[in-house]
1. Could you tell me how far the Cα centroid of segment 354-369 sits from the Cα centroid of segment 5-19, in Å?
2. Roughly speaking, to the nearest percent, how much of segment 396-519's 1.4 Å accessible area is carbon and sulfur?
3. What is the percent of Cα-Cα separations in segment 188-326 that go past 25 Å?
4. State which entries of Lys279/Lys471; Lys55/Lys209; Lys280/Lys354; Lys348/Lys401; Lys354/Lys499; Lys279/Lys408 exceed 31 angstrom in Cα-Cα distance in the structure shown.
5. On a 0 to 90 degree scale, rounded to 10, what angle separates helix 392-410 from the longest Cα axis of the chain?
6. Treating the Cα atoms of segment 114-238 as identical point scatterers in vacuum, please give the log10 of the normalised Debye intensity I(q)/I(0) at q = 0.10 Å⁻¹, two decimals.
7. Which sequence of Asp205, Asp126 reflects their accessible areas, 1.4 Å probe, from the largest down?
8. Using 10 Å bins from zero, what percent of all Cα-Cα pairs in the chain falls into each bin?
Amino acid sequence: MEISLLQKARYAYVPKLPEMLRNGIADISVLEGEETTSAADCEKIKALFPNTYGKREIVFQKGQNTSKTQKQIVGVILSGGQAPGGHNVICGLYDALKSTNPENELYGFKNGPIGLIEDNYIVFNDDYINEYRNTGGFDIIGSGRTKLETNEQFAIVAEVCKKHGITAIVIIGGDDSNTNAAVLAEYFASHNTSVQVIGCPKTIDGDLKNEDIECSFGFDTATKTYSELIGNIARDANSAKKYWHFIKVMGRSASHVALECALETQPNICLISEEVAAKKMSLSQIADYIADSVEKRAAQGMNFGIAIIPEGVVEFVPEFSVLIQEINELLAGSKADAFNALPTWNDKYAYIEKGLTKESMEVFAILPQGIQQQLFLERDPHGNVQVSLIESEKLFSALVKDKLAARKQAGTYNGKFNPIHHFLGYEGRCAFPSNFDSDYCYSLGYNAFMLIQYGYNGYLSKISNLSKPAKEWIAGGMPITKMMNIERRHGEDKPVIKKALVELDSKPFKFFETHRETWAVDTCFVYPGAIQYYGPVEVCDITTKTLALEQN
């Protein structure tokens, strides 16, 4: 297989570890902290996790290693969407495992959790692992979105572990995947299987974070990749001076990606979904907000600009959220078949008009026809609108165009508005990981083995102090139950890891809020350029603006 020169060079890169992990595990001891409680709903979470709730956070430090010496056979899975650095988590886990005892083994279960159910695996060796060091993607073993959540599934996994003599499973995933890890850990503990479960925090969305998890892996690389592209587009806009670029970025339930890209590139407009919800902004108000920037810039002869749109923003618009709920009811069950059988869009429109409330129909009526039809595309497995399929970047540019036409008719606007649309998502999920993500992920994997070696179960691998150089990072672990609360999912109360949305009183948002009025009118674009892997550390190892602001 032919590989690029960069890939060859990245194979040779040696990830940096926290100081305490650099000399192997022989001189590493554990410092235990206080007992923990869950993020909310403490009594309910405790009742659901009687064997793994309330455990202590731990930090690794230099000292005598008191862990039990035994052969470790560890299984690992990648779960959910791709994020840069996943390969290095596995490499770090493998290296720690083999350096401790060459007879230790690492099983990679293929295609996500389903690999555990189907007993589909590969036993890693040096040659196989070495082809994936410091590379993007999840193709080392593949990923999947199967959920491990039933006792029947857990029993099968327990049998698979028993068959291979597996002592621990490492689950690399986001909030749902690590919730499943906590439930599996509890099952193993309650059935005295002696199999441990360790999680690793992954998601480019950045919403798996809290006072303990400073950053999920992949966020750094993905946002740097998007910011490079946004900067390139901004430079083109500033060169051509005739287009408004509406750029949708990934981030289904939170706007961390959009906010970080705005901090990196200083666009004219960046919507923050959490602010839209807090201010109860309507579609019309959002369109006016963007149109104001277009108008003020046009008055200065600048008929161009950049607007960043978070992927899930429409769900945070109260009136749109109500519309979605009504459409879900309108097409519930067999009613969807009756709707789909209607021969023309006009017939379907009349059906919709009869089924929606007056308020929701008013919202529906102002949408461009293409967006109206997108709301009635293929449903998700639960019969709901797939909001991620809605081209919100086109929705807002169309609404702005209507606003500007009305202003032109009123004589308050005389500019030109030529929108161009982009969606940045898959470009960042499997990018070559930045030095930060290469180091962070390798440390997470190495640290996961330390948690296994010391017998912890239901813990998340935790690396903190991330805004400092890698040698100053702190390795440890936290019980996954500490991050959990009860949420209503599909009509049932479920224990889940609490998603971290953008906090409107946070330092990153406050910095953005302070500067955005200037950015909206003036051309303040920043052009970050490509991720740098070699050169001055202040360029190559730089962290995200979000983390830098949060950690001062």
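1. First find each Cα centre; the distance between them is then 54 Å.
2. Ligands and nucleic acids excluded, carbon and sulfur give 49 percent.
3. Above the 25 Å cut-off, segment 188-326 has 41 percent of its Cα pairs.
4. Beyond 31 Å between Cα atoms: Lys279/Lys471; Lys354/Lys499.
5. Once rounded, one gets 20 degrees.
6. Normalising to I(0) and taking log10 leaves -0.43.
7. Asp126, Asp205
8. The calculated distribution, bin by bin, is 4, 17, 26, 24, 17, 9, 3, 0, 0.
The values are calculated or read from the model by the stated rules, or taken from the named source; none is laboratory data. Computed from a prediction, not measured in an experiment: that's the story for all the values here. Here the Cβ is made from the backbone with ideal geometry for all residues, glycine too, and neighbour counts use every protein chain on show. Just the protein is used for accessible areas: all its heavy atoms, side chains included, with ligands, DNA and RNA removed. Shrake-Rupley method; radii C 1.70, N 1.55, O 1.52, S 1.80 Å.
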